[in-house]
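Here the structure is laid out as structure tokens; the discussion comes afterwards.
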Amino acid sequence: MKYSKLFITALSLAFIQSCSSDDSDSNLSIDDVKLNSSYSTNRLKIITIEPTVSGFENATYTWKNGNEIVGSDKTFSFVSDEIGTYQLTLEVKGLSTTKKLETQITVNKESKAYSKYIAQVYDFMPAVGQFTNDLPEYVSGNTREQMIAKAASSIVGSEGQLISLGGYGGYVVFGFDHTIINKVNKRDFKILGNAFWGNEAQEERAGSCEPGVIMVAYDKNNNGVPDDDEWYEIAGSEYTNLKTIKNYSITYNKPDENKIPVIGTHGWDIDIEYVKWTDNQGNTGYKTKNSFHAQSYYPLWFGDNQLKFTGTLLPNNFYDQSGTGTYWVGKSYAYGYADNAPNNDEASNIDIDWAVDKNGNKVKLPGIDFIKVYTGINQEAGWLGEVSTEIMGAYDLHF
């Protein structure tokens with residue numbers, strides 16, 4: 001049997017822990033515990049295994065690979081990057097009864113070679129931004145499904161082209177043709193953007209960095225699509241920053257493209273009251289339209305008059321280094337965000353072990369199948385326009 005490269009985990013566990021039985025179970029025993037004697041999966045594909053247990057609800061579960069405890073929940077997930085056969089043991093224990101079962105998992109070679117790059121885009125909805133309706137290009141009559149397909153044509157595969165997520169909250173959801181394994185003490189995937197260091201920036205690791213928050217998920221119900229209850233946030237360097245706001249919401253109002261614009265004082269700001277926004281922190285403001293981009297900044301395929309996003313709001317990272325509005329600089333955060341550092345920099349590599357659940361608790365994921373990226377900052381940087389995360393691809397670092 002092979003044990004050297006087995007990656008298995010109990011669902012949603014950051015460490016091995018036990019469930020406790022209460023006193024009402026003291027006279028109960030396990031009437032029946034069933035576990036399939038064998039399972040089969042392909043290399044780099046997660047399989048979910050769950051025994052059938054009847055008799056009582058409260059029991060402890062211990063999954064073992066050889067003598068190593070690898071899980072302590074009733075349901076757990078298995079994924080391996082090597083073909084072979086793996087022997088696992090499940091111990092189910094009540095207050096007075098213990099039952100042990102064994103199962104064998106066969107990992108087969110995939111019939112078609114995997115790609116390390118993005119394989120599919122599931123959703124795309126940019127917020128208001130100067131590149132919205134441009135990256136990718138909207139053509140009159142395009143539906144949301146057609147715009148998702150255009151986003152896919154830009155970022156699927158190895159020859160990526162930029163898509164813009166617009167201002168705060170704008171997002172893209174994509175996935176791979178295999179599970180990216182969560183390997184111990186290694187960064188697991190890279191997201192490609194267009195961040196760069198500024199030649200005239202006085203601060204190190206600064207230039208044009210527009211951090212996007214990263215969410216990850218694995219296909220725990222094996223239905224081939226990312227479901228709402230499967231997402232975990234990559235807790236980057238600013239997750240515990242006191243200025244970071246969790247559960248932030250913003251609402252953009254669709255602009256009247258025929259209204260009389262309110263012209264600013266700089267020449268480039270041709271409507272400083274272009275798109276009104278409000279948030280759940282009691283703030284309101286406008287997104288400016290500039291002279292460099294004439295198209296609508298509101299996603300024209302979206303039929304509603306209001307566009308709302310919710311997530312984690314990162315602190316502003318752009319500042320006017322010149323003091324005169326001519327040279328704006330965006331600082332890179334230390335780790336954990338998209339479009340936050342150049343593509344050849346370690347800071348654009350992401351570790352799945354940074355994932356946390358909705359309550360901020362660390363989780364130990366076996367791997368991921370899906371990624372969501374959304375613009376994490378609500379800020380305008382003068383003539384540069386809104387801070388907007390751009391994406392041009394992503395790939396598995398273990399290939």
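The values are calculated or read from the model by the stated rules, or taken from the named source; none is laboratory data. For clarity, every value in this text was computed on a predicted model and none was experimentally measured. In this analysis, Cβ positions are derived from the backbone assuming ideal geometry, glycine residues included, and neighbour counts consider all displayed protein chains. Accessible surface areas use protein heavy atoms only, side chains included; no ligands, DNA or RNA. Shrake-Rupley method; radii C 1.70, N 1.55, O 1.52, S 1.80 Å.
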- [ ] Sort out for me the Cα centre separation of the range 104-167 from the range 176-234, rounded to whole Å.
- [x] 14
Open item on the list: Using only Cα atoms and rounding to the nearest 10 degrees, what angle (0 to 90) does helix 144-155 make with the longest principal axis of the chain?
Closed with: 80
TODO: Taking the Cβ of M147 as the centre, find all other residues whose Cβ is under 14 Å away and add up their charges (Lys, Arg: +1; Asp, Glu: -1).
DONE: -2
Open item on the list: With a cap of 14 neighbouring Cβ atoms within 10 Å, and only residues DSSP puts in a loop, list the trypsin sites (Lys or Arg not before Pro) found in the range 356-399.
Closed with: K358
Task: Where the chain is the region considered: accessible area per residue in Å², 1.4 Å probe - done: 46
- [ ] Given a cut-off of 29 Å, name the pairs among K93/K372; K74/K358; K287/K362 whose C-alpha atoms lie farther apart than that in the structure shown.
- [x] K93/K372; K287/K362
Open item on the list: If a paramagnetic tag sat 7 Å from the Cα of D345 along the Cα-Cβ line, which residues of the range 205-228 would have the backbone N under 12 Å from that point?
Closed with: 205-211
Open item on the list: Cβ neighbours within 10 Å, averaged per peptide: list 177-184, 122-129 in order, most packed at the top.
Closed with: 122-129, 177-184
Task: Among V53, S72, N42 - extreme Cα towards positive end, dipole of the range 42-81, charges at beta-carbon - done: N42
- [ ] Could you size up the charge dipole of the chain around its Cα centre, putting +1 on the beta carbon of Lys and Arg and -1 on that of Asp and Glu, and report it in debye to the nearest 20?
- [x] 720
TODO: Work out the FRET efficiency for Y327 and N258 from their Cβ-Cβ distance, taking R0 = 41 Å, and round it to the nearest 0.05.
DONE: 0.75
TODO: Given the peptides 308-318, 87-97, arrange them by the average over their residues of other C-beta atoms within 10 Å, most packed first.
DONE: 308-318, 87-97
- [ ] On the full set of protein chains, 1.4 Å probe, figure out the accessible area of Y117 and give it in Å² to the nearest 10.
- [x] 60
TODO: Could you please state, rounded to a whole Å, how far the C-alpha centre of the range 63-85 is from the C-alpha centre of the range 370-391?
DONE: 40
- [ ] Using the Cα centre as the reference, give the magnitude of the dipole from point charges on the C-beta atoms of the range 32-108 (Lys, Arg: +1; Asp, Glu: -1; all else neutral), rounded to the nearest 20 debye.
- [x] 100
TODO: Measure off, as a whole percent, the carbon and sulfur share of the 1.4 Å-probe accessible area of the chain, all protein chains present.
DONE: 46
Open item on the list: Between D320 and T75, what is 0.36 nm times their sequence separation minus the Cα-Cα distance? Round to one decimal in nm.
Closed with: 83.0 nm
Task: Protection proxy ranking, peptides 258-270, 199-211, average beta carbon neighbours within 10 Å, highest first - done: 199-211, 258-270
